[in-house]
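**Q** The structure that follows is given in the form of structure tokens.
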Amino acid sequence: MFILYEGPSKYDNAPIVVIATTNTTNPKTGPMWQTWIMRQDVAPHEAVKTGDDASVCGACPLRPLSYKAAGLKKKCYVKTWQAPLGIWKKYKRNGYEHIEPEQFGKLLKGQALRLGSYGDPAAMPYEIWQAIGVGSGKFKHTGYTHGWLLPNFDTRMLEICMESLDEASEQAEQIPEGRSYRVIEPEAWKALGLGALRLGEILCPASDEAGKKSNCFSCGLCAGTSRQAKNIAIVSH
């Protein structure tokens, strides 16, 4: 659909591209527009093998080269050889047009935007998201970041993104103020049920455990501090 950004990654200055698409069949998110954050010069399925995905995923402990070292049982759920690779190949064929952030924001009226269907939203400068209108209340969005684990993280991203929390990232010395999206391990949920929730947390309304009361398109709670709401937790599957 559109190229929103081509330029250096906020994580390591490597060349990245951010592409927006409209079509999705994901029942959890619903009909949200999607954004894909990838290296310009390395195919996504290769980047996860070489470690070049750090340019777009930062310090995420779910990265394929990181999850075992982080002591996690599961790695990133994104199959980079599927949708991300297809979008990257079309990009390399000049299949997408550039659009100014403000113009793209106007197209989002009545829509909802998912920040980082693949890649961490904080890899792109905050100013671009701001220019699009993310967090302005003009349209719904969702976003998640592990970027807060890095010293050069732009904390303004927490205005529009949830802090991703899991067993590995919670070992950090300090977690900045913001709203969180925490993964509950299945064992804890089986043992404790709703007791696994912390003070100030609710279950993701789109999750099985919450009865799939909603989807991300209609919910929109995972929008950082731009939404005044409780923290969100979800059971890992």
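**Q** Once the piece of chain linking residue 82 and residue 68 is laid out straight, how much longer is it, given 0.36 nm per residue of separation minus the C-alpha distance between them?
**A** 2.7 nm
**Q** For residue 2, enumerate residues with amide H under 5 Å from its amide H, sequence gap 5+ or separate chain, H modeled in the peptide plane.
**A** Residues meeting the criterion, in which the H sits 1.01 Å from N, are 20.
**Q** Compute the separation of the alpha-carbon centres of the range 1-37 and the range 159-230 and state it in Å as a whole number.
**A** 23
**Q** How would you classify the range 1-89 from its alpha-carbon gyration tensor, with a ≥ b ≥ c the square roots of the eigenvalues: rounded for a/c under 1.5, else prolate if a/b is greater than b/c, otherwise oblate?
**A** oblate
**Q** Shifting gears a bit: Pop out the Kirkwood hydrodynamic radius of the chain from its pairwise C-alpha distances, inverse of mean 1/r, in Å to one decimal.
**A** After inverting the mean inverse Cα-Cα distance, the result is 18.0 Å.
**Q** Find the relative contact order for the chain and round it to a whole percent, using C-alpha pairs within less than 8 Å whose residues are 6+ positions apart.
**A** Relative contact order for the chain comes out at 19 percent.
**Q** Ranked highest first by the average count of other Cβ atoms within 10 Å around their residues, in what order do 127-139, 96-108 fall?
**A** My ranking of the peptides, most packed first, is 127-139, 96-108.
**Q** While we're on this one: Cα-Cα pairs above 16 Å in the range 127-233: how many percent?
**A** Counting pairs separated by more than 16 Å, the tail of P(r) holds 60 percent.
**Q** Can you work out the accessible area per residue across the chain, with the rest of the protein chains kept in place, probe 1.4 Å, in square angstrom?
**A** Averaged over the residues of the chain, the accessible area is 49 Å².
**Q** Sort the following peptides by mean Cβ neighbour count (other Cβ atoms within 10 Å, averaged over residues), highest first: 183-191, 3-11.
**A** 3-11, 183-191
**Q** Then there's this: Can you work out the FRET efficiency for the pair residue 22 and residue 208, with r the C-beta to C-beta distance and R0 = 25 Å, to the nearest 0.05?
**A** 0.40
**Q** Right, something else. Positive end of the charge dipole of the range 58-129 (Lys, Arg +1 and Asp, Glu -1 on Cβ, about the Cα centre): tell me which of 128, 104, 58 has its Cα farthest that way.
**A** So the residue furthest toward the plus end is 58.
**Q** Moving on. Rounded to the nearest percent, how much of the accessible area of the chain (1.4 Å probe, protein heavy atoms only) is carbon and sulfur?
**A** Carbon-and-sulfur percentage of accessible area, whole number: 52.
**Q** Among DSSP beta bridges whose residues both lie in the chain, state the antiparallel percentage, nearest 5.
**A** Counting DSSP beta bridges with both partners in the chain, the antiparallel share is about 35 percent.
**Q** Show the residues, 5+ positions off or on another chain, whose built amide H is closer than 5 Å to the amide H of residue 162.
**A** 143, 144, 145, 224
**Q** I'd like to compare 225-234, 160-169, 173-182: which one has the highest average count of other Cβ atoms within 10 Å, and what's the full order after that?
**A** Ranked from most to least packed, the peptides come out as 160-169, 225-234, 173-182.
**Q** Quick one: dipole size for the chain, taken about the Cα centre, charges +1 on Lys/Arg Cβ and -1 on Asp/Glu Cβ, in debye to the nearest 20.
**A** 820
The values are calculated or read from the model by the stated rules, or taken from the named source; none is laboratory data. These numbers come from a predicted model, not from an experiment. Don't worry about glycine lacking a Cβ; one is built from the backbone with ideal geometry, like all the others, and counts go over all protein chains shown. Surface accessibility is based on the protein's heavy atoms, side chains included, excluding ligands, DNA and RNA. Shrake-Rupley method; radii C 1.70, N 1.55, O 1.52, S 1.80 Å.
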